[in-house]
Amino acid sequence: MSYIELADLLRVQRFRTVQEKQTQLDVENFLISINAIFEREKRLSASDIPDFIINGVVLEVKTKYSRMAIYKQLERYSKHEEVKALILLTGTSIQLPAEINGKPALVVSLGEGWL
């Protein structure tokens with residue numbers, strides 16, 4: 001499954017958004033339901049631990065967080081060779097460039113599945 005197909009599937013899901021840990025659990029259950037092979041909180045370095053990695057795609061969940069902090073975190077992740085693309089699943093209103101350090105980047109709004 002490509003990162004674009006994964007993002008499209010995430011867009012139509014309804015995840016609980018009150019607490020980030022609950023959203024992450026909902027995402028994990030969703031990934032299991034579609035038989036995705038993923039790693040949860042895989043350590044890329046001492047300070048870089050994305051929420052999920054699916055076939056080289058980082059899926060980071062942020063319910064409420066500052067835009068600059070989110071971008072900086074994704075930028076750090078993008079520097080790792082094993083990262084092929086980035087998906088941000090968030091409740092924060094944010095736009096990302098099409099690529100971060102040469103890696104494709106997409107934003108999926110947590111609100112899209114509720115529309």
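Values in this text are rule-based calculations from the coordinates and carry no lab data. Fair warning: this is a prediction, and the values are worked out from it, not measured in the lab. FYI the Cβ positions are ideal-geometry reconstructions off the backbone, even for glycines, and counts take in every protein chain you see.
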Pairwise centroid distance, computed over Cα atoms, of region 84-105 with region 15-68, Å | 14
For the chain, what's the relative contact order in percent, using C-alpha pairs closer than 8 Å and at least 6 residues apart?
-> 27
What list of ³J(HN,Hα) couplings, whole Hz, do you get for region 75-83 from phi and the Karplus terms 6.51, -1.76, 1.60, once you set θ to phi - 60° and write x for glycine and proline?
-> 4, 4, 4, 5, 6, 7, 4, 6, 7
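What is the dipole size for the chain, taken about its Cα centre, with +1 at each Lys and Arg Cβ and -1 at each Asp and Glu Cβ, in debye to the nearest 20? Could the numbers behind the result be given before it?
On the way: 15 positive and 15 negative charges, 66 e Å.
Its charge dipole is roughly 320 debye.
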So which aspartates and glutamates can K79 reach, going by Cα to Cα under 14 Å and dropping same-chain residues fewer than 8 places off?
-> D48, E99
Projected onto their principal axes, the Cα atoms of the chain stretch, largest extent first, over whole-Å spans of 33, 30, 25
Output the antiparallel fraction of DSSP beta bridges having both residues in the chain, as a percent to the nearest 5.
-> 40
Candidates L96, L86, L59; GNM for the chain (alpha-carbon contacts under 10 Å) flags as most fluctuating L96
